[in-house]
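Novice: Have a look at the structure that comes next, please.
Bear in mind that the values in this text are calculations on the coordinates, not laboratory data. For clarity, every value in this text was computed on a predicted model and none was experimentally measured. Cβ placement follows ideal geometry from the backbone for every residue including glycine, while neighbour counts extend to all protein chains displayed.
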C-alpha cells in the first residue's frame, strides 16, 4: 500500500497524544510511587526513564557507557556527509528530576528478591525492572566470524568504534575495490539498515572512487523496502550495487578474516572491504535475567511489555519480541512511552490500557533522497499485530522533490527523538 503522508502524520500525532507523558513530574502518594530500575540508556531505556520520572516515579537508570552513539544516521557517516560527534549523546544530558544515573554494568538479577547487582558491587532494589539492553552479536553463528574477526571485517551494527573501523577501511580502499555487505536472516536490528548502508556507501564511492562496486551477499531472498531501494540504485548508482540472494549464491557460510574472503554456497568472494553483519540476540543481561528464550529474543506482553517468562521484568526495544513490531529506534521509543503508562497504571492499582503503536522507518539513499515504511500495531491475544491498511510504503516513481522532503522528514524525526530521549 502506498503511504499517505498526511494520514500518517495525523495518526502519528494522535499516537503521541495517547502515549505521551507530561514533562513536569507530578506528585504521587507514597503507595502509588514505584521504584523502577531501567537497564540500558538507548532510545528505549532513556525514554522510559524520562517518561516514568515525569509520571512521578523513582527511577534508576543503569548504563555502562558514558555516552550513547545512535545507530540511526551512522550510515550517513559512512556516506561521508555526517560525523560521529553529531550522533553521540552524553547520558548525563538524559537525567531529569527523579532519575538517578549509574554508570556501571548490570551482571545479575534476582527476580525473587527483586534486586539487580552491578559490576561494582552495588545492589539495586526494584518494584519493576525494565531491560532495554539492545542486541549482542552472535559470534557463534558464522564459522570464522568472531570478535577478533570483527576488527578486520567490521559489523558496525553497534555505532561507535565499529563504525569508525568501517569508515577508515572505505577511505583507504583503492578505486576499483569491491565492498561486500553480508546481512543476516530475519529477525535482526533495523531490517532496512544494510540496504541504506549500501546506498550511502555508494554515494561516497560515486564521488571519490567511482570504479568501485558493492556486492550484497544476503541470507534472504527479499528485503525490507526492496522495490524502493532497487529504484534508487538504478537512478543514483547504476551498475554499482549488486544484490545476490541465496538462490543466486548469496548466502555466506563462512569467512576468512585474514584474507577478507567470504565463502558462499556457490564459491568464494574476495573483498577489499567486508561488512559482515552476523545474526543477533538480546543483550546479555536478558539471558542472565531469564527473560530470553531459545530464539535469542525476549517474549513479552504487547500491552505492558512484561516478560512472558519472569513476572515483574519488562523488556523493550530491540531485545523484545512483542509480536509483529519490527526492531527499530522508532519502535523502542514508542514502546517506552506505552510501558511508562502501563507501569504507572500498575503502581496505582489500575488496569493498563491496550495500546496502539506506530513504527515509521526512514531510509536514505542519498543526502537528499529518502523514503519510508510505516506500520500501526495493536494487541491481539496479548501480542502486537499489524493493523491492515493502516501503514504503507512511500510511492515508487516519486519526483526528486518528494524524495528530498522525505529525507528532511528523516532528519526532523531524528532531531525530535534524540531530544526526547537524551536532551534534559
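Novice: Take residue 96 and residue 259, extend 7 Å from each Cα along the Cα→Cβ direction, and tell me the distance between the two endpoints in nm.
Specialist: About 5.6 nm separates the two model spin labels.
Novice: Still on this model: Taking a ≥ b ≥ c as the square roots of the Cα gyration tensor eigenvalues, with a/c under 1.5 meaning rounded and otherwise prolate when a/b beats b/c, else oblate, which class fits the stretch 149-276?
Specialist: rounded
Novice: Still on this structure, please answer the following. What does the extension gain come out to for residue 113 and residue 168, with contour length at 0.36 nm per residue minus their alpha carbon separation?
Specialist: 15.0 nm
Novice: On a 0 to 90° scale, report how tilted helix 161-172 is relative to the longest principal axis of the chain, with both axes built from alpha carbons and the result rounded to the nearest 10.
Specialist: Long axis of 161-172 versus the principal axis of the chain: about 20 degrees.
Novice: As a test of the formula, what do you get for the chain when each DSSP H run with n ≥ 4 contributes -39,500 (n - 2.57) and the sum is divided by the residue count, at 222 nm and rounded to the nearest 500 deg cm²/dmol?
Specialist: -9000 deg cm²/dmol
Novice: Given the C-alpha centroids of the stretch 171-225 and the stretch 139-166, what is the distance between them in whole angstrom?
Specialist: Cα centroid to Cα centroid, the span is 15 Å.
Novice: Now, a different point. Any idea how far apart residue 226 and residue 287 come out in nm if each label point goes 7 Å out from Cα toward Cβ?
Specialist: About 3.2 nm, to one decimal.
Novice: What nm distance separates the two modelled labels at residue 416 and residue 65, each placed 7 Å from Cα along Cα→Cβ?
Specialist: Roughly 2.5 nm, to one decimal.
Novice: Given a 10 angstrom Cα cut-off, can you work out which residue in 78, 166, 396 is the most mobile in a GNM of the chain?
Specialist: 396
Novice: Can I ask one more? Can you tell me the mean projection area, over all orientations, of the convex hull of the stretch 280-326's alpha carbons? Units nm², please.
Specialist: So the Cα hull casts an average projection of 3.0 nm².
Novice: Under a no-solvent Debye model with one identical scatterer per Cα of the chain, what's log10 I(q)/I(0) at q = 0.10, 0.13, 0.14 Å⁻¹?
Specialist: Treating every Cα as an identical point scatterer, log10 I(q)/I(0) equals -0.68, -1.14, -1.30.
Novice: If I fit a long axis through the Cα atoms of helix 193-208 and take the longest principal axis of the Cα atoms of the chain, what angle between them do I get, 0 to 90°, rounded to 10?
Specialist: It is inclined by approximately 50 degrees.
Novice: Using alpha carbon centroids, what distance separates the stretch 311-334 and the stretch 240-255, in Å?
Specialist: Each part's Cα centre sits 30 Å from the other's.
Novice: Output the 0 to 90 degree angle, nearest 10, between the alpha-carbon long axis of helix 226-236 and the longest principal axis computed from the alpha carbons of the chain.
Specialist: Once rounded, one gets 50 degrees.
Novice: Per 0.36 nm of contour for each residue apart, how much would the distance between residue 208 and residue 353 grow if the chain were fully extended, relative to their Cα-Cα spacing?
Specialist: Residue separation times 0.36 nm, minus the Cα-Cα distance, leaves 46.9 nm.
Novice: With both bridge residues required to lie in the chain, what share of the DSSP beta bridges run antiparallel, to the nearest 5%?
Specialist: The answer is about 55 percent antiparallel.
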